[in-house]
Every structure is written in structure tokens, then in C-alpha cells.
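Quick notes on the structure that follows.
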Amino acid sequence: MTTASISRASIDSSSLASIGYSPEQHILEAEFRRGDVYRFFMVPREVYDQLLSAESKGRYFNSFIKGRFPFAKQVG
């Protein structure tokens, strides 16, 4: 698992606080409002782009990312 930093941008969502993406590694990093940060692996760029443009980012995340990609909770 990589430890490289992924910069995140704040987004307008009731469940997600910020998201970032590494196109080289296909890693989506999501910070939730409660403070937890997760990395999702093997995420295609199109999925990240669609998440950014989704009307409801939380709904898109739950439908097209959660449970569909391997993930790891970030510590520290």
C-alpha cells in the first residue's frame, strides 16, 4: 500500500468533507464529515470525474464506489 500524499479538495456534500485522486495510482481518497479518511484502489479516472460532477456526491459514492473497490482506512 502506498503512503504518498494525495491532496484533497473540499466538496459540497452532507457525508463527504473532501476528496482527492491520484491518476498515476488510480487511488481515490475520501474524507468523511465524521473525520475518517479512506483510500479506494483501482478507481478509474471516469469514476472520480463523475463523482465530482454528481448532483448528490454521497449518493453517487454509495452507489458506484462503496463496496465496489478495495479500500483501506487511513491512520494518523
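Reported count of residues in region 54-75, each being modelled with pLDDT under 95 and within 15 Å of R8 (Cβ to Cβ), is 1. Considering only residues of region 18-76 that are assigned to a loop (DSSP other than H, G, I, E, B) and β-branched (V, I, T), which is surrounded by the most Cβ atoms within 10 Å (Cβ to Cβ)? Only one residue tops the list, namely V43. Of all the residues in region 21-41, those that are among the hydroxyl-bearing types (S, T, Y) and touching a residue at least 24 places away in the same chain (Cβ under 8 Å) number 2. Within region 42-53, the set of residues being charged (D, E, K, R) and either closer than 15 Å to I11 by Cβ or touching a residue at least 12 places away in the same chain (Cβ under 8 Å) (or both) comprises R45, D49. Filtering S18, S7 for residues that are under 9 Å from the mean Cα position of the chain (by Cα) and free of Cβ contacts under 8 Å to residues at least 24 places away in the same chain leaves a single hit, S18. Screening Q25 with (1) touching a strand residue (DSSP E or B) at 6+ places or on another chain (Cβ under 8 Å); (2) within 18 Å of I6 (Cα to Cα) gives one miss only, at (1).
The values are calculated or read from the model by the stated rules, or taken from the named source; none is laboratory data. In this text, all values refer to a predicted model and were calculated from it rather than measured experimentally. Counting neighbours? That spans all protein chains shown, and the Cβs are built from the backbone with ideal geometry, glycine included.
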